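Undergrad: Please find one structure pasted underneath; my questions will follow.
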Amino acid sequence: MEISQEHTDLLVRASKSVGRKFALRFPAMEAEDIASEVTLRALEEWRTFERKLSQAADHGRTEYEVLHLLLSQRASKYCGEQSYAYQMNSATAVYTPKEVRAILRESYYNPDAYATPSKSDQHGVAVDHKDLWVNLADIKAALDRVSDKTHDTILAAFGPEDVGLAEPERWSVDRAVAALTQELNRHLGRAHDNGPGSRRATSNACAQNITYHQENAA
């Protein structure tokens with residue numbers, strides 16, 4: 001299998017972008033590890049990728065947009081597998097911004113969530129459809145540690161309507177949720193490199209070429 005220099009550069013750029021995007025959603029994972037993983041998966045499926053890239057214009061898309069989407073699909077699967085594996089092998093959950101947002105929106109500022117505790121002595125609240133349980137006290141403790149700006153942004157976005165705070169911009173809410181998630185996960189440390197789904201070796205010379213370009217890209 002051969003990959004052109006143009007597609008090599010495109011793959012390096014797209015994989016780095018995808019790595020950064022998913023590292024925000026999965027704070028316990030490194031952007032570089034995600035980028036390397038999706039790069040390897042792309043190389044393994046390059047014939048399929050190349051065919052879809054050749055059809056990009058037919059769908060009104062650029063090759064970069066199509067490649068970014070394909071890599072994002074692989075990153076979503078990989079990060080989900082890693083997060084699930086970590087939770088299955090650890091007594092402590094790794095929270096994602098999506099899950100923290102759901103907690104804030106559905107439970108944290110809802111008095112009923114505190115009035116009647118569940119059968120669990122941890123007073124957990126189920127989030128979404130996933131088998132993830134959180135202690136609302138953990139969220140409160142994390143909110144006490146973030147900056148005043150982050151705290152006020154979250155209060156304005158998810159708190160009671162009568163708090164008197166102006167509705168924040170969407171980007172500032174995203175940033176505040178990401179900061180709270182990072183604070184919530186701070187005690188967990190980083191995922192182990194030798195865990196399930198860790199970076200795979202490849203003998204393909206093409207993979208070596210991609211790695212070289214990743215390491216030397218600005």
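The values are calculated or read from the model by the stated rules, or taken from the named source; none is laboratory data. None of the values given here were measured: they were computed from a predicted structure. Quick reminder, even Gly has a Cβ in these numbers, built from the backbone with ideal geometry, and neighbours come from all protein chains shown. Just so you know, the surface numbers come from the protein's heavy atoms only, side chains and all, with ligands and any DNA or RNA stripped out. Shrake-Rupley method; radii C 1.70, N 1.55, O 1.52, S 1.80 Å.
Undergrad: List the residue pairs whose Cβ atoms are under 6 Å apart, where the first residue sits in segment 125-150 and is over 16 Å from A102 (Cβ atoms) and open to solvent by less than 40 Å² (accessible area, probe 1.4 Å), the second is of a type in the set (D, E) and modelled with pLDDT of 80 or more, and the two are 6 or more positions apart or on different chains.
TA: V146/E183
Undergrad: Taking into account only those residues within segment 30-45 that are of a type in the set (D, E, K, R) and in contact with a Phe, Trp or Tyr (Cβ under 9 Å, 6 or more places away or on another chain), which is surrounded by the most Cβ atoms within 10 Å (Cβ to Cβ)?
TA: E37
Undergrad: Please enumerate the residues belonging to segment 46-58 that are open to solvent by less than 60 Å² (accessible area, probe 1.4 Å) and in a loop (DSSP other than H, G, I, E, B).
TA: Here is the first cut: in segment 46-58, the ones open to solvent by less than 60 Å² (accessible area, probe 1.4 Å) are 46, 48-49, 53, 56.
Residue satisfying the conditions is A56 alone.
Table: residues versus (1) out of contact with any Pro (no Cβ under 7 Å at 6 or more places or on another chain); (2) open to solvent by 20 Å² or more (accessible area, probe 1.4 Å); (3) modelled with pLDDT under 85; (4) of a type in the set (G, A, S).
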site: D9; (1), (2), (3), (4): yes, yes, no, no
site: A28; (1), (2), (3), (4): yes, no, yes, yes
site: R61; (1), (2), (3), (4): yes, yes, no, no
site: T96; (1), (2), (3), (4): yes, no, yes, no
site: E99; (1), (2), (3), (4): yes, no, yes, no
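Undergrad: Residue check, H7 against (1) under 25 Å from S83 (Cα atoms); (2) not in a loop (DSSP other than H, G, I, E, B), all met but one. Which one?
TA: Against the list (1) under 25 Å from S83 (Cα atoms); (2) not in a loop (DSSP other than H, G, I, E, B), H7 comes up short only on (1).
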